[in-house]
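The values are calculated or read from the model by the stated rules, or taken from the named source; none is laboratory data. Computed from a predicted model, the values in this text were never measured in an experiment. Note that we place each Cβ from the backbone using ideal geometry, even for glycine, and neighbour counts take in every protein chain shown. Areas reflect the complete protein model, heavy atoms only, side chains present, ligands, DNA and RNA absent. Shrake-Rupley method; radii C 1.70, N 1.55, O 1.52, S 1.80 Å.
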Amino acid sequence: MQDVTEEFAKYAEAEDWCAAIDDEGRWNARELLVQADLLADQVAKSRGPRATVMVQTENSRRMVVAALAAGRLKGMLALASTHLSVQEMAATMDDVRPDVVVASAQQSDKWDLNADVVGEALSGWRIIARPPTGEIGRWGEGVLIGMTSGSTGRPKAIV
């Protein structure tokens, strides 16, 4: 994510452009970088650099911002589908052990993750800190974690 973020920032510095369009409007690259820096700062304050940031997946600028924030942190981005049940999310949390989860209030309620809300980001989404694992950089050179659907059993993390 760090390389992608650095390239994104380099091109945004040279010229601003529309980098995302979602239900909330059009978002220029520089706007997204400002939002990513804010999110990265909040995550770093609660869990430090190189954090594993799990984000609720959706087709919006929030995904771009979360990816850029993970890059700014030199961390890992983990994706959590809104289709995950409470049990599947619990299994995902066990496997991935994210440092923070970033999700809407509705989704974090559905996943029962509200015990450790430490902040707000991305127009009302929650930043939920997880207990520290003590394993900064535990994913080696990995930058993204996706989850299998779990169609033949428990969902599995793919780095």
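Give me the lysines in straight-line cross-link reach of residue 74: C-alpha distance below 21 Å, same-chain residues under 8 apart excluded.
The reachable lysines, counting only those whose Cα sits under 21 Å from residue 74, are 10, 45.
What list of ³J(HN,Hα) values in whole Hz, one per residue of region 45-50 in order, does the Karplus curve 6.51 cos²θ - 1.76 cosθ + 1.60 (θ = phi - 60°) give from phi, with Gly and Pro shown as x?
Each residue of region 45-50 in turn: 5, 8, 9, x, x, 6 Hz.
If you roll a 1.4 angstrom probe over the protein chains with everything in place, what fraction of the accessible area of region 28-159 belongs to carbon and sulfur, to the nearest %?
Numbers: 3120 of 6100 Å².
Solvent-exposed carbon and sulfur of region 28-159 make up 51 percent of the total.
What is the local net charge at residue 148, summed over the other residues whose Cβ is closer than 14 Å to its Cβ (Lys, Arg +1; Asp, Glu -1)? All intermediate terms of the calculation are to be shown ahead of the outcome.
Working: positive: 154, 156; negative: 88, 95.
Here the charged neighbours net out to 0.
Mind checking which of 26, 47, 130 has the largest fluctuation in a GNM of the chain, springs on alpha carbons under 10 Å?
Result: 26 has the largest fluctuation of those listed.
Could you state the accessible area per residue of region 58-119 in Å², with a 1.4 Å probe and every protein chain left in place? Present the calculation step by step, with values, prior to reporting the outcome.
Details: 2470 Å² over 62 residues.
Accessible area per residue, region 58-119: 40 Å².
Using the Karplus equation 6.51 cos²θ - 1.76 cosθ + 1.60 (θ = phi - 60°), what ³J(HN,Hα) coupling, rounded to whole Hz, does each residue of region 99-109 give in order, writing x for Gly and Pro?
These are the phi-based 3J(HN,Hα) values: 6, 9, 10, 10, 7, 5, 4, 4, 6, 5, 5 Hz.
Connecting C-alpha atoms closer than 10 Å in a GNM of the chain, tell me which of 70, 103, 29 has the biggest fluctuation.
Highest fluctuation of the listed residues: 29.
What is the distance, in nm, between label points placed 7 Å from the Cα along the Cα-to-Cβ direction at residue 151 and at residue 116?
With each label point 7 Å from Cα toward Cβ, the separation is 3.3 nm.
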